[in-house]
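Okay, so here's the structure we're looking at.
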């Protein structure tokens, strides 16, 4: 499955590749990409936000996962579906540490989310998930640690 650059989003390489099936929507002559709403575009491509708690596997068909841990949770992430596939993970409730362990992670094995608001944006490069952004929506914390 190939992908191609979206002209309306040249300001970020994170949106550079989409599955060919999704390209039909962007090729429509009436399509006008919102300049400040990339998440809504991604939700259109990947589906609704996944809201979850506890251990288990994350959905690959939703762009964003909002997770509330109920203790020391371990969540997994399978390999991406296509080069450029994006996955956003956000800790929205916390009792302990949530560990996100992708099947393949560039320069590490897992991410540890220890504070409410910690988030990470990962992109699949064909062989590994790469952390392209991480931080906290709540404070100036650096976000999840990579181990």
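Derivation of every value follows stated rules applied to the coordinates shown; laboratory data play no part. Everything quoted here is computed from the prediction, not taken from an experiment. Cβ: placed from backbone, ideal geometry, glycine included. Neighbour counts: every protein chain shown.
Note on region 49-91: the alpha carbon radius of gyration divided by the globular reference 2.2 N^0.38 Å gives 1.14. Averaging over all projection directions, the Cα-based convex hull of region 41-146 occupies 5.8 nm² in the image plane. What the Cβ-Cβ distance of residue 70 and residue 142 gives, at R0 = 25 Å and to the nearest 0.05, is a FRET efficiency of 0.55.
Per-residue packing, averaged as other Cβ atoms within 10 Å, sorts the ranges 113-121, 51-59 into the order 113-121, 51-59, beginning with the highest.
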